[in-house]
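The values are calculated or read from the model by the stated rules, or taken from the named source; none is laboratory data. This is a predicted model, so every value here is computed, not measured. A quick note on method: Cβ atoms are made from the backbone with ideal geometry, for glycine too, and the neighbour counts reach across all protein chains shown.
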Amino acid sequence: MKGYPFHDGPLFARNQWYLAAWTTEIGHTPVARRILNQDVILFRTTDDKVAALSGVCPHRWMPLARAEITQDLISCPYHGARFDHQGTCVAVPRQDRVPPGFGLRRYPVVVVGPCVWIWPGEADRADPSLLPDSMSLGLGRAGWRTDLSHPFRLGARAQLLIENLFDEEHINVVHPATLGGCQADVFRDAEITDTPDRFAMTHRTAPTPVDAAMRALFAELGSHACSDLTIELLGVSLVNNIGSRTYSADASGAPKRLMGQMNFIHAITPETDTTTHYFLAQTRDFNVEDADLSTLFSERNAKIVAEDAAILEALEPMIDDWGDARQETSFATDAIAMRLRHRIRRIIAGDRAEVASDRAAP
Ligand code: FES
Ligand SMILES: [Fe+2]
């Protein structure tokens, strides 16, 4: 079922920001990445800006992953056509004239903290006001610790992963050792926000007496602690999964003082229709010097990713084989994931309508 779960069209909106890379990945040689079915190279210019261009030479389709870049000039490794960092062709071998329209497409990019955001749609629509608010999650923010994982490639379509992150029911089954019990029940009575600006579930835990493990994280906690636990979608491609704000509380439950915040951030960028780049980060504004704590979470995250990947990569070929012959059935516990699916469907439909109205314009 090629278009699952949307059935009737593309699997993602092109006119949106997607995470292309962490800044730490980008140097002065090209990083080649396929993003929304488009081959892209990313690199740093001599003034240390990040540029993104089409990753295929339009002469004979040579991939530019191995192109040399000297003084911001990219040389095609096949016949040596040269392009500047804006994608304009400045030299063609043995002729003075550059063929009309011959050049590399340039993609809008914006760097925010450790994130390189790319706009794969129409460049003149690239709207910085639509950038996911990664700073609110502490990514690269002063006073916060940010730990990035190397991008992971998932052999399944992006929507499966996005819905999985909002699917509380699989947690005890798929992640019994890594997450079991600690997330699955907290969203039963969560507050859901589903407005044009925000899609999130938040639950405040009841105050519990502080144990030694909590005390190790927050030395100044009082007798009790409670937390706001949140799952939130930012833009179409960034999910903060169980961002936690921990408060010192008294036994009555009144939160007294915010002690710290921690986020587990997932950036999800379609590579092709059926494969996905998966970027993970964790941020926190407490114990920022504690590298062991970061290692602990990073190792656990890697296990969780592998557990989810095993499931989603098993689903993908089944979905591909279905044709339209099989209908899925939803459970009551799928409600939040289905709301999310409708939201993304609306965004994709809006994207298509915009592009269609442009084509219809005189
Ligand atoms: S393929 Fe690039 S110049 Fe020929
Ligand atoms: Fe999972």
Practice task
Show the residue pairs that are 6+ apart or on different chains and have beta-carbon atoms under 7 Å apart, the first residue being within the range 302-319 and closer than 13 Å to Leu165 by Cβ and touching a residue at least 24 places away in the same chain (Cβ under 8 Å), the second being assigned to a helix (DSSP H, G or I) and not hydrophobic (A, V, I, L, M, F, W, C).
Solution key: Asp308/Asn164; Leu312/Asn164
Problem - Qualifying residues in the range 63-102 (those that are at positive phi and within 32 Å of the chain's Cα centre (by Cα)) - the one nearest to ligand 2 (Cβ to nearest atom) - result: Gly87
Exercise for the section: Would you check if Arg215 is of a type in the set (Lys, Arg) and not in a helix (DSSP H, G or I)? Expected result: no
Exercise for the section: Could you check, for the range 110-119, whether at least one of its residues is assigned to a loop (DSSP other than H, G, I, E, B), of a type in the set (A, V, I, L, M), within 21 Å of Trp22 (Cα to Cα) and more than 16 Å from ligand 1 (Cβ to nearest atom)? Expected result: no
Completion exercise
Here the residues within the range 73-98 that are exposed (fewer than 14 other Cβ atoms within 10 Å of the Cβ), free of Cβ contacts under 8 Å to residues at least 12 places away in the same chain and assigned to a strand (DSSP E or B) are Gln95
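Yes/no per residue for (1) assigned to a loop (DSSP other than H, G, I, E, B); (2) at pLDDT 95 or above:
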site: Met135; (1), (2): no, no
site: Leu139; (1), (2): yes, yes
site: Gly143; (1), (2): yes, yes
site: Asp147; (1), (2): no, yes
site: Glu169; (1), (2): no, no
Exercise for the section: Residues being within 13 Å of ligand 1 (Cβ to nearest atom) and closer than 21 Å to Arg33 by Cα: count how many of those fall in the range 58-80. Expected result: 16
Exercise for the section: Return yes or no: is Ile192 within 13 Å of ligand 2 (Cβ to nearest atom) and assigned to a strand (DSSP E or B)? Expected result: no
Exercise for the section: Go through Asn301, Asn287 for me and flag whichever is touching a Phe, Trp or Tyr at 6+ places or on another chain (Cβ under 9 Å), surrounded by 17 or more Cβ atoms within 10 Å (Cβ to Cβ) and in a loop (DSSP other than H, G, I, E, B). Expected result: Asn287
Exercise for the section: For the range 30-52, indicate whether the set of residues that are in contact with a Lys or Arg (Cβ under 7 Å, 6 or more places away or on another chain), more than 21 Å from Val111 (Cβ to Cβ), touching a residue at least 12 places away in the same chain (Cβ under 8 Å) and surrounded by fewer than 21 Cβ atoms within 10 Å (Cβ to Cβ) is non-empty. Expected result: no
